[in-house]
Amino acid sequence: MRIPSLFILAFAALSAVNAFPAARAPQCTTPLTPKAKPNDPHWMQTIKRQGISAYNPNPSTYKVFRNVKHYGAKGDGIHDDTEAINKAISEQNRCGQGCPSSTRSPAVVFFPAGKYRVTGAIIPYYYTQLVGDAKNPPTLVADPSFDGAAIPIFPMVEVLNGGKIKTSNFFKSVRHFKIDLTRAPNSASGLHWQVAQATTLVDVVVNMRQDKDTQQRGMWMENGSGGFMSDLTFNGGKTAMEVGNQQFTVRNVVVKNAQTAVGFQIAQGSGSEVLLDGDVRDVKTFVKATSPSPPSFSGSVLLDNIKFTNVQKGMVDDTGATRLSGGTKTIRQWAQGHKYYDSVGTPASVRGSVNAPNKPAQLLDSSGKIFQRGRTDYADYAANQFASVMDAGAKGDGVTDDTKAIQAFIKKYAGCKILYFDAGTYMVTDTIDIPSGSIVVGEVWSTVIGKPYPRCLLLMVVEIEECPFCSDVGAGHKFADESKPRPVIRVGKPGDKGGAEISDMVFSARSGSAGAIIVEWNAADKPGQKGTAAMWDVHIR
């Protein structure tokens, strides 16, 4: 396995104001707890759909949410669903191959539980989320006639000069799927994931052939720039992951019964890799480097808290020499590469055990590993436990000032409903406070933008002394003064310990808002609990 080079973690002449009635007392009086029954459909199938794309050429008719069964997919394992799935993804002139980038045609493509027989590639477009039923993840079954990768990202993006840009393949998410390659040709791959930032791959299981001659790959990525992958399982095949990239973060990956005898193969040109909290069993060689040895920086490796069980060789360098022995033991910390000291300007080369720093208990779980919590899609909540911001009066049309509507909505439902932001672009002119204990869920990166204050119009001078920054067309009245910074989004109050969870949102501010703090996060974890203050697929730009 090759791993990446860095492995870490229109100004309007008039602006409508959405007058919203004063907030009433909360309708709900009990705390928010999961209420979905085991046989209830996933909330994504039944929740009211009214999200929009504010800047799409046809916002009134454009469909953000797409259920593949509404486009003809059967999910019965018999019919060929390839064409129907790709139609659900591509319909309405979306940004596909040859389109450099566009956020005007977002789509969340939902797959109900079932087995979807596919005979060709499924191609997610730009600004697309492919989401399976998290309660019963659907299976994509590759047909014996299948050729290619079950879920490839189109590998190249055309630009005006005819070049190819792999490092701007942004905004894609695939989660909650099983991919079955056991009947596919010997050379098939599960995923071709050549992506850049703002991309996520979560909760995917790839089942491959397990005969000794198999050439199948779970995933391959020849290049790109960034992304996040989590909760991936690869069963069988020759290679689980063959990946190259500028940088990305991977957590909770399970590889079983792969024919390749090497756990990680670090190829020529790799920069640095950190392998953390691993459990390695019955492997001939855990890490094999083909990059030069120190003093070169290429091929730097840090192993931290890696448990070996029946491992023959821990690390083999580019000459074939064993640099870390195997066995059954725990590697507290071992490094190959450059070691820097505060008082020394020139790094020293190191290859061997190093003194590991103590990790604060707050960062660890009960087993001593770094605490982590995977993304949740709230599958154990019922659809009626979600409250829609559009039902509460917000427009999300990229023009209307939705500040009052959103503030009233949050005040009414925070803590007793999941605050659901239907797809849209919500303009706000003052801070949106999200109380501790809230759960906020967007729909394919719903966007909240700090915008110019409605009174700051070039044609209005009545209140000019209240808006001294109107000379800057893009300046927001509340967000303009860099000497008086003000948050667009404020999560909790200073000192709060009630947690908060946000997913699938974009927070931003328009130009001229020099005093905008896009997000001010105050909410700490709930007492005695870890991971209750969390964000997933949230972007600030």
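Derivation of every value follows stated rules applied to the coordinates shown; laboratory data play no part. Keep in mind that what you see is a predicted model, and the values were worked out from it rather than measured. As a convention, Cβ positions derive from the backbone with ideal geometry for all residues, glycine included, and neighbour counts pool all protein chains shown.
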Fill in the blank from the handout: Amide H contacts under 5 Å for Phe264, restricted to residues at least 5 apart in sequence or on another chain and with H modeled in the peptide plane, are Val287, Lys288
Exercise for the section: Could you go through segment 406-420 in sequence order and give the Karplus-derived ³J(HN,Hα) for each residue, using 6.51 cos²θ - 1.76 cosθ + 1.60 with θ = phi - 60°, rounded to whole Hz, and x for Gly and Pro? Expected result: 5, 4, 5, 4, 5, 4, 7, 10, 4, x, 10, 9, 6, 7, 9
Handout entry: Highest-first arrangement of 502-509, 242-249, where packing means the average Cβ count within 10 Å
Key = 502-509, 242-249
Fill in the blank from the handout: For Asp401, the residues 5 or more places away or on another chain with a placed amide H closer than 5 Å to its own amide H are Ala16, Val17, Asn18
Practice task
Quick one: grab the alpha carbon gyration tensor of segment 99-146, order the square roots of its eigenvalues as a ≥ b ≥ c, and give me rounded if a/c is under 1.5, else prolate or oblate depending on whether a/b is larger than b/c.
Solution key: oblate
Handout entry: Ranked packing of 530-537, 317-324, most packed first, by mean Cβ within 10 Å
Key = 530-537, 317-324
Practice task
Return the distance in nm (one decimal) between the two label points of a simple spin-label model at Arg183 and Trp521, each offset 7 Å from Cα along Cα→Cβ.
Solution key: 4.5 nm
Completion exercise
Looking only at lysines whose Cα falls under 24 Å of Lys484's and that sit 8 or more positions away or on another chain, we get Lys404, Lys451, Lys493
Practice task
Note the full-extension length gain between Val254 and Gln529 as 0.36 nm times their separation in residues minus their Cα-Cα distance, in nm to one decimal.
Solution key: 96.4 nm
Handout entry: Calculated FRET efficiency for the pair Ala321/Ile78, C-beta based, R₀ 45 Å, to 0.05
Key = 0.25
Exercise for the section: Find how many whole Å separate the alpha carbon centroid of segment 321-353 from the alpha carbon centroid of segment 115-146. Expected result: 42 Å
Problem - Nearest-0.05 FRET efficiency for Thr346 and Lys48, computed from C-beta distance (R0 41 Å) - result: 0.05
Handout entry: Mean-position separation - Cα centroids, segment 43-63 and segment 499-541, in angstrom
Key = 24 Å
Completion exercise
Length gained if Ser145 through Thr30 is fully extended, taking 0.36 nm per residue and subtracting the Cα-Cα distance, is 36.0 nm
Handout entry: Two-site label geometry, Ser102 and Thr309: point separation in nm, points 7 Å out along Cα→Cβ
Key = 5.2 nm
Handout entry: Those aspartates and glutamates that a straight Cα-Cα span of less than 20 Å connects to Lys412, excepting residues fewer than 8 apart in one chain
Key = Asp391, Asp401, Asp402, Asp422, Asp430, Asp433, Asp496, Glu501
Fill in the blank from the handout: Which residues qualify? For Gly226, with a placed amide H closer than 5 Å and at least 5 residues away or on another chain, they are Gln246, Gln247
Handout entry: Reachable lysines from Lys74, criterion Cα separation under 26 angstrom, eight or more residues apart if same chain
Key = Lys37, Lys48, Lys63, Lys87, Lys115, Lys135, Lys172, Lys178
Problem - Net length gained if the chain between Gln215 and Lys359 were fully extended (0.36 nm per residue, minus Cα distance) - result: 47.7 nm
